[in-house]
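Notes follow the structure.
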Amino acid sequence: MKKLLLIIIFLFSILLTLFAAMSPANKECMQRGYNVMNDYCILPEGKKCLLPEFNEGKCGQEYKIEDYCVKQGDYVWDMDKCCFGLNPSQPQGKSGEVLLGHPTCQPARYAFILNPYFYLYIVIVVIVAILLLWLIKKKRK
């Protein structure tokens, strides 16, 4: 039982590490297509805002267009913010293997397989199945 619990905790900690790869403080700036440099959101015409001020709407409000979508290749935190025909997916290597990193918006073809949440669901289903099998085996004894 202790081994199983340790394995579950280990797997869960790995998943949390993978999904925390990028700072959420960058979210608003990067999803809107602006660059982040040294805790500043770089806006058009060379204007800069500190990330916390941009996120809170204290700076650069004129650049925070409510209705926006994340373009192909840009980082995405909110899974419903990719532009039409794009889905969030993990970065890929030259041979097509999935790499660790933050999701970007990519064409929708096979995106469900590359979506990080797809693997999270698989891991959860496997863990639940293992626990159920263990409980059934324990009841039979």
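Quick check on K58: is it farther than 19 Å from P24 by Cβ, at pLDDT 85 or above, of a type in the set (K, R) and surrounded by fewer than 17 Cβ atoms within 10 Å (Cβ to Cβ)? Before you say what the answer is, go through the steps one by one.
Details: farther than 19 Å from P24 by Cβ: no; at pLDDT 85 or above: yes; of a type in the set (K, R): yes; surrounded by fewer than 17 Cβ atoms within 10 Å (Cβ to Cβ): yes.
Answer is no for this residue.
Cβ-Cβ distance below 8 Å, separation of 6 or more or different chains: which pairs start in segment 123-141 with a residue that is in a helix (DSSP H, G or I) and end on one that is of a type outside the set (D, E, K, R)?
Once the first residue is in a helix (DSSP H, G or I) and sits in segment 123-141, its partners that are of a type outside the set (D, E, K, R) give V123/L11; V123/L15; I127/I8; I127/L11; I130/L4; L131/L4; W134/L4.
Six or more apart or on different chains, Cβ under 9 Å: which pairs go from a residue in segment 28-39 that's at positive phi to one that's part of a strand (DSSP E or B) and buried (at least 18 other Cβ atoms within 10 Å of the Cβ)? Could you list them?
Pairs that qualify, where the first residue is at positive phi and the partner is part of a strand (DSSP E or B) and buried (at least 18 other Cβ atoms within 10 Å of the Cβ), are G33/V70.
Are any residues in segment 37-54 of a type in the set (A, V, I, L, M, F, W, C), buried (at least 18 other Cβ atoms within 10 Å of the Cβ) and assigned to a strand (DSSP E or B), and if so, which ones?
First pass over segment 37-54, keeping only residues of a type in the set (A, V, I, L, M, F, W, C): 37, 41-43, 49-51, 54.
Now narrow it down to the ones that are buried (at least 18 other Cβ atoms within 10 Å of the Cβ): 41, 43, 49, 51, 54.
Listed by number, the residues that qualify are C41, C49.
The values are calculated or read from the model by the stated rules, or taken from the named source; none is laboratory data. This structure is a prediction, so every number in the text was calculated from the model and none was measured. A quick note on method: Cβ atoms are made from the backbone with ideal geometry, for glycine too, and the neighbour counts reach across all protein chains shown.
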